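Undergrad: Have a look at this one before I ask anything.
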Amino acid sequence: MNQTIIQERSGLNQFYAKVYAFVGIGIALSALVSALMLTTFQDLLVQLMFNARIWLIVTGVVEVALVIAASNMAYKNSPAALPMFLIYSVVNGFSLSFIVSLYLPGTVLTAFISSAALFFVMAIIGVVIKKDLSGIGRALIGALVGLILAMIVNVFLNSGLFDYIISIVMVLVFAGLIAWDNQKIRYVYEESNGQVATGWAISLALSLYLDFINLFLSFLRIFGSDD
């Protein structure tokens with residue numbers, strides 16, 4: 001095999017490893033904070049649950065602000081992008097503890113395993129597939145916006161069946177986005193001729209982190225519909 005091709009593949013593999021290292025750190029931080037809230041700080045969580053709606057709104061606003069800030073800093077390749085991503089992961093772990101506490105441990109474990117398995121499969125597809133997924137990815141983003149609006153409507157309808165259907169479609173949408181985001185890693189590497197700024201790695205990691213978390217939440221609603 002041509003030495004240049006070997007070097008290119010090695011460089012691409014290293015870039016994938018860098019992106020997934022950030023993804024892993026983000027997920028680990030969120031899991032740790034959530035686990036601490038559910039165990040060590042369980043009494044505090046119980047007290048906060050009395051005003052859970054307020055806390056979820058506050059953390060939701062903070063999380064949106066952090067995602068926007070982290071994304072902007074990543075595009076600018078700012079050194080603050082990584083700390084911002086990590087802070088977001090911590091805050092998200094805090095808000096996840098409120099949601100996870102509503103489900104049985106077995107349901108949470110099943111949702112996590114299902115999410116990890118589907119994430120792995122779709123990531124592999126995104127890495128090896130030759131077809132450009134950009135068009136599909138943009139369509140999925142449009143579908144996601146529609147689903148978010150449907151979820152807002154369902155807040156007033158409070159329909160369990162509607163929520164179940166939305167959750168299933170969410171799984172399909174995020175499965176597709178995982179494949180697309182993994183393909184983007186290769187595209188970014190190739191377009192930069194292997195000279196990829198760390199900011200890009202953080203931006204891509206943030207997208208994959210969000211894919212996984214939302215996939216997990218969708219599975220949690222599906223498997224926990226009877227909890």
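Undergrad: Is it the case that LEU172 is open to solvent by 50 Å² or more (accessible area, probe 1.4 Å) and within 18 Å of SER115 (Cα to Cα)? Let's see the steps before the verdict.
TA: On the way: open to solvent by 50 Å² or more (accessible area, probe 1.4 Å): yes; within 18 Å of SER115 (Cα to Cα): yes.
Against the criterion (open to solvent by 50 Å² or more (accessible area, probe 1.4 Å) and within 18 Å of SER115 (Cα to Cα)), LEU172 qualifies.
Undergrad: Here is a further query. Whether any residue in the stretch 180-188 is open to solvent by less than 10 Å² (accessible area, probe 1.4 Å), farther than 23 Å from LEU86 by Cα, part of a helix (DSSP H, G or I) and not hydroxyl-bearing (Ser, Thr, Tyr) is what I want to check.
TA: Looking through the stretch 180-188, at least one residue is open to solvent by less than 10 Å² (accessible area, probe 1.4 Å), farther than 23 Å from LEU86 by Cα, part of a helix (DSSP H, G or I) and not hydroxyl-bearing (Ser, Thr, Tyr).
Undergrad: In addition: Can PHE94 be described as within 16 Å of the chain's Cα centre (by Cα) and open to solvent by 40 Å² or more (accessible area, probe 1.4 Å)?
TA: Working: within 16 Å of the chain's Cα centre (by Cα): yes; open to solvent by 40 Å² or more (accessible area, probe 1.4 Å): yes.
Considered against the rule, which asks whether it is within 16 Å of the chain's Cα centre (by Cα) and open to solvent by 40 Å² or more (accessible area, probe 1.4 Å), PHE94 comes out as yes.
Undergrad: Scan the stretch 104-113 and give yes if some residue there is aromatic (Phe, Trp, Tyr) and over 18 Å from LEU208 (Cβ atoms), otherwise no. Can you show your working first?
TA: Keep residues of the stretch 104-113 that are aromatic (Phe, Trp, Tyr), which gives 112.
If we keep only those that are over 18 Å from LEU208 (Cβ atoms) too, we end up with none.
No: zero hits.
Undergrad: Filter the stretch 189-216 down to residues that are in a helix (DSSP H, G or I) and open to solvent by 30 Å² or more (accessible area, probe 1.4 Å) and give me whichever is nearest to VAL108 (Cα to Cα).
TA: In the first step, residues of the stretch 189-216 are kept if they are in a helix (DSSP H, G or I); the result is 189-191, 198-216.
Next cut, open to solvent by 30 Å² or more (accessible area, probe 1.4 Å) only: 189-191, 198, 200, 207, 210, 214.
Numbers: TYR189: 35, GLU190: 38, GLU191: 40, THR198: 33, TRP200: 32, SER207: 22, LEU210: 18, ASN214: 14 Å.
Per the stated criteria, the residue is ASN214.
Undergrad: Suppose we keep only residues that are part of a helix (DSSP H, G or I), among the aliphatic types (A, V, I, L, M) and touching a residue at least 24 places away in the same chain (Cβ under 8 Å) within the stretch 125-136. Which one would you say is most open to solvent (accessible area, probe 1.4 Å)?
TA: Start the filter on the stretch 125-136 by keeping residues that are part of a helix (DSSP H, G or I), which leaves 125-128, 134-136.
When the remaining residues are screened for being among the aliphatic types (A, V, I, L, M), the result is 125, 127-128, 136.
When the remaining residues are screened for being touching a residue at least 24 places away in the same chain (Cβ under 8 Å), the result is 125, 127, 136.
Working: ILE125: 65, VAL127: 60, ILE136: 84 Å².
Per the stated criteria, the residue is ILE136.
Undergrad: What pairs come up if the first residue lies in the stretch 191-202 and is modelled with pLDDT under 90, the second is crowded, with 22+ Cβ neighbours inside 10 Å and part of a helix (DSSP H, G or I), and their beta carbons are under 7 Å apart, counting only those six or more places apart or on different chains?
TA: Filtered contacts from the stretch 191-202: VAL196/TYR189.
Undergrad: I need the full set of residues from the stretch 146-167 which are open to solvent by 70 Å² or more (accessible area, probe 1.4 Å) and closer than 19 Å to PHE216 by Cβ, in order please.
TA: Residues satisfying the conditions are ILE148, TYR164, ILE165.
Undergrad: If a residue counts only when it is touching a residue at least 24 places away in the same chain (Cβ under 8 Å) and small (Gly, Ala, Ser), which helices (runs of 4 or more DSSP H) contained entirely in the stretch 1-114 have at least 3 such residues? Show your work before the answer.
TA: Details: elements: 3-38, 42-49, 52-75, 81-100.
Correct list: 3-38, 52-75, 81-100.
The values are calculated or read from the model by the stated rules, or taken from the named source; none is laboratory data. All values derive from a computational prediction rather than experimental measurement. Here Cβ is always computed from backbone atoms with ideal geometry, including for glycine, and neighbour counts include all displayed protein chains. Just so you know, the surface numbers come from the protein's heavy atoms only, side chains and all, with ligands and any DNA or RNA stripped out. Shrake-Rupley method; radii C 1.70, N 1.55, O 1.52, S 1.80 Å.
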